[in-house]
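Everything on this sheet refers to the single structure shown next.
Bear in mind that the values in this text are calculations on the coordinates, not laboratory data. All of these numbers come straight from a predicted model, not from anything done at the bench. FYI the Cβ positions are ideal-geometry reconstructions off the backbone, even for glycines, and counts take in every protein chain you see.
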Amino acid sequence: MLSRILNAFSTPTPEPLPEPDQKLALGALMVRVAKSDDHYQFEEISRIDRLLTRLFGLNPVEAAKTRAICEKLEREAPETEHFAHVIRSSTTFQARVEALEAMWEVLLADGEHHEAEETVIEATRIALGLSDSDSATARATAEGL
């Protein structure tokens, strides 16, 4: 009886987070860019959801659930380079450029530009094995959307 009462007040053990795949790794990196300026704004959140929908064919509810997992992964996260390695090892060159483009879209979503956001993108660019030129192209594409 006493153990049932104590169990009722104990904190449930949270489910372990999934190992990041390409989708979760990119989502976590987009969340990291958005949070890097200490202002995780609605515009950034909705942009991440739209990007998850567009890039991975998710419906809006699936995209929001995926983003929620990505937020937890980012919070408990390994280094940026780990997420980038997951993407680099499982995708084509073009998909890596598109991942960087998505990150630029998140940076631009709130209309503000912070050095901390660009630092995350730069670390990701290097880990993805992309050049400065690739990043410039990805940014120009994101700016044109």
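Dipole size of the chain about its Cα centre, with +1 on Lys/Arg Cβ and -1 on Asp/Glu Cβ: approximately 700 debye, rounded to the nearest 20. If a spin label sat at a point 7 angstrom from the Cα of A116 along the line to its beta carbon, the backbone N atoms of region 79-101 nearer than 19 Å would be those of 79-81. Which of G129, L26, G57 sits closest to the plus end of the dipole of region 20-143, meaning its Cα is farthest towards the positive end, when Lys and Arg get +1 and Asp and Glu get -1 on the C-beta? Of the candidates, G57 comes out farthest on the positive side. Approximating the spin labels as points 7 Å out from Cα along Cα→Cβ, the H82-to-A64 distance works out to 2.9 nm.
With a cut-off of 16 Å on the backbone N, the residues of region 85-120 near the modelled label site 7 Å out from D21 along Cα-Cβ are 86-92. Rounded to whole numbers, the Karplus 3J(HN,Hα) couplings from phi for region 23-32 are 5, 5, 5, 5, x, 5, 5, 5, 4, 4 Hz, using 6.51 cos²θ - 1.76 cosθ + 1.60 with θ = phi - 60°, and x at Gly and Pro. The list (1) 38; (2) 35; (3) 60 gives values of percent of Cα pairs over 22 Å apart, and only one came from this structure; which label was calculated from it? Recomputing percent of Cα pairs over 22 Å apart here gives the entry labelled (1). Taking 0.36 nm per residue of sequence separation and removing the Cα-Cα distance, the R75/E143 pair yields an extension gain of 21.7 nm.
Taking Cβ atoms as reference points and 11 Å as the exclusive limit, the residues near T91 contribute a net charge of +1, counting Lys and Arg as +1 and Asp and Glu as -1.
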